Amino acid sequence: MSSQVIFGQLVVGLINGSFYALLSLGFAIIVGLLGIINVAQGTFYMLGAFGSWMLLNYLGIGYWPALVLSPLGAALLGMLLEKTLISRVYHLDHIYGLLLTYGLMMFIMGAFIYFYATAGRPYPVPEELRGGYDLGFMFLPKYRAWVVLMAVVFCFGTWYAIEKTAIGRTLRAATENPQLTRAFGINVPALLTFGFGVGVALAGFAGVMAAPIYSVSPLMGGDLVIVIFAVVVVGGMGSILGSIVTAFSLGLLEGLAKVVYPQGSNMVIFVIMLVVLLVKPAGLFGHEK
Amino acid sequence: MADALSLAIADLHAFYGDSHVLHGVSLDIPAGECVTIIGRNGAGKTTTLRSIMGLIQKRTGSIKIAGQDVIAAPPEKVARLGVAYVPEERGIYATLDVTENLLLPRKVNDRGMSIDDIYALFPNLKERRRSQGTRLSGGEQQMLAIARVLRTGASLFLLDEPTEGLAPVIVQQIGKAIELMKSQGHTIVLVEQNFRFATKIADRHYVMERGRIIDMIPRAEVAAKATQIQQYLGI
Ligand SMILES: Nc1ncnc2c1ncn2[C@@H]1O[C@H](COP(=O)(O)OP(=O)(O)O)[C@@H](O)[C@H]1O
Ligand SMILES: [Mg+2]
């Protein structure tokens, strides 16, 4: 087997890992802060991608503005849904949040299929990021390097914001003890809305990043939530760092499996999830409660 | 000092689900006074403080802070009026270090203590400022719970058993902090089992039993009513 193939699959794994990381990070923030298992995380990823497609085709607005506008739009929609619907199930069992976001996912996806059908629509790679680098042992497309770089920057940035800044301190406090945090003058309900917006914006951002790589379709992201769920379980529910590290590792392992044992590559993530659940039920970075 | 807050509670009822815990509590505390609420375990002292703070959803009656009724207000709104809460369980955050715990409460105004002044008052906390909140000893956690609310500029303090289970030297330090609040003219509501500690600090004592206030003892009458107080406390 040529090293070309191995490195090629590793890059694919790294790209997949990048998307897993951005999506799982948002998912972990939302489940930690709001206690909502957001099944619609993949839908906001699709909305991010579709948003950039619409901006380009209806308004002639290109990739770079879309990178900001599309996640922002997804976040606004998410915050509206949080205020009007999702916040009503906080006091109920987790299953209600899961069912509600599942319903939202079906509704949004259904609406897009109705208007746009399921066929993929191409989205061009921005001019500045066409071409690639010849590394000698392999060819690395510029856009793929850009995706990995951005995922690393955003993951580190989010981790830093949560661990080291004032808003992050407040988010952690609200995650740990929401009632008491309110008694310290902090408007926790507003903070939850904001946190949901951030989690959704990360998914939307991943969607814009994905648009030039995968074609844009209402179905994209539909099955990603299953992988995200596995990542968050393996990393440890609510652990931001755990989600990031696990997402990249599982992406890479999945890529390697494609070389070594292609038939099983789709299963790798879930086999690892099973093993981790058996050995360390709280996840690799989680704490036993 | 003119900005201390008065607290007037009338006919307060509070519930946990269907369980009716407070049965018409009334308290009247002028600005700048220090009172205690004493009574046996389960009398409803903690529930009273939590009701004031807006942490009990189901409550009726009236709770006026400086004349403003907060019976329907959410906790953050009560806090922003200048009410500080030190919960019985201390409420130190494990995911925040000591400094982050201190910086968490939102400032009400700029009249609170600076971080340096707070660390001067509690030198132990300064030494441990990078430690995770729940790695502290019980005494240090209690100091942190009090230190945390000194920064915000609040002027009505609700303290729930701040000396519970602590060594005498630490009780002394907590006492010093409360004396400081008093000397600054703040209003203090102190729930306390340690009656000797309470008598040293408070102007008056409310006695609570089964969700009701059953007696009020001014400082001057404490000595004369010693036997009765012991009975109230079940000692
Ligand atoms: N979370 C709760 N749910 C149900 N009942 C409670 C809860 N907390 C306290 N109680 C009950 O309310 C009553 C008053 O409790 P509390 O206010 O904690 O008393 P105190 O602080 O005077 O010891 C007790 O009978 C207690 O069992
Ligand atoms: Mg109590």
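Just so you know, all these numbers are worked out from the coordinates, no wet-lab data involved. Since the structure is predicted, the reported quantities are computational estimates derived from the model, not experimental observations. Every residue, glycine among them, receives a Cβ derived from its backbone with ideal geometry; neighbour counts consider all protein chains shown.
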For region A:56-109, what is the largest minus smallest coordinate of the Cα atoms on each principal axis, given in angstrom and ordered from greatest to least? 44, 19, 14
With the radius of gyration and the Kirkwood radius both derived from the Cα set of chain B, what is their ratio Rg to Rh? 0.95
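Return an integer: the convex hull volume of the alpha-carbon atoms of region A:198-242, in Å³ per residue.
In region A:198-242, the Cα hull volume divided by residue count equals 85 Å³.
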Residues of A:66-73, mean number of Cβ from any other protein chain within 10 Å of their own Cβ, rounded to a whole number? 0
Ranking B:Leu125, A:Leu22 by Cβ neighbours within 10 Å, fewest first, what do you get? B:Leu125, A:Leu22
For B:Phe157, which sequence-distant residues (separation of 5 or more, or a different chain) have an amide H within less than 5 Å of its own amide H, given hydrogens modelled in the peptide plane? B:Ala84, B:Thr187, B:Ile188, B:Val189
Return a whole-number percent for the relative contact order of chain B, with Cα pairs under 8 Å and 6 or more residues apart as the contact set. 28 percent
Calc'd 3J(HN,Hα), region A:5-14, phi into Karplus 6.51 cos²θ - 1.76 cosθ + 1.60 (θ = phi - 60°), Hz, glycine/Pro = x, comes to 5, 4, 5, x, 5, 5, 5, 4, x, 5
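For chain A, report the convex hull volume of the alpha-carbon atoms normalised per residue, in Å³, without decimals.
Expressed per residue, the convex hull around the Cα atoms of chain A is 140 Å³.
When only Cα pairs under 8 Å and 6 or more residues apart are kept, what is the percent relative contact order across region B:54-117?
Relative contact order, region B:54-117: 24 percent.
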Work out from phi, with θ = phi - 60° and the Karplus expression 6.51 cos²θ - 1.76 cosθ + 1.60, the ³J(HN,Hα) of each residue of region B:42-55, listed in order in whole Hz, and give x for Gly and Pro. x, 6, x, 5, 4, 4, 4, 4, 5, 5, 4, 6, x, 8
What order do you get for B:Thr36, B:Thr46 when you list them from fewest to most C-beta neighbours inside 10 Å? B:Thr46, B:Thr36
Percentage of interatomic Cα-Cα distances in region B:1-141 larger than 26 Å: 35 percent
Least to most buried among A:Thr193, A:Thr165, B:Thr152 (fewest other Cβ within 10 Å first): A:Thr165, A:Thr193, B:Thr152
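Run the numbers on region A:3-279 and let me know its relative contact order in percent, using alpha-carbon pairs under 8 Å that are six or more apart.
Answer for region A:3-279 is 42 percent.
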Against the empirical 2.2 N^0.38 Å scaling, what ratio does the C-alpha Rg of region B:121-172 come to? 1.15
Violating pairs (Cα-Cα greater than 26 angstrom) within the set B:Lys77/B:Lys200; A:Lys164/B:Lys176; B:Lys64/B:Lys126; B:Lys45/B:Lys182; B:Lys126/B:Lys176: B:Lys77/B:Lys200; A:Lys164/B:Lys176; B:Lys64/B:Lys126
Mind listing which chymotrypsin sites (Phe, Trp or Tyr not before Pro) in region A:1-86 are in a DSSP loop and have 11 or fewer other Cβ atoms within 10 Å? none
Residue-normalised 222 nm signal for chain B, counting each DSSP H run of n ≥ 4 as -39,500 (n - 2.57), nearest 500 deg cm²/dmol, is -9000 deg cm²/dmol
Would you mind getting the Kirkwood hydrodynamic radius of region B:1-42 from its Cα pairs, rounded to one decimal in Å? 12.3 Å
Average partner coverage of A:171-179, which counts Cβ from other chains inside 10 Å: 5
Applying the Karplus parametrisation 6.51 cos²θ - 1.76 cosθ + 1.60 with θ = phi - 60° to the phi angles of region A:177-184, what ³J(HN,Hα) value in whole Hz is obtained for each residue in order, glycine and proline being reported as x? 8, x, 5, 4, 4, 5, 5, 9
Evaluated over the protein assembly as shown, the Cα radius of gyration and Dmax, each in Å: 28.2, 96
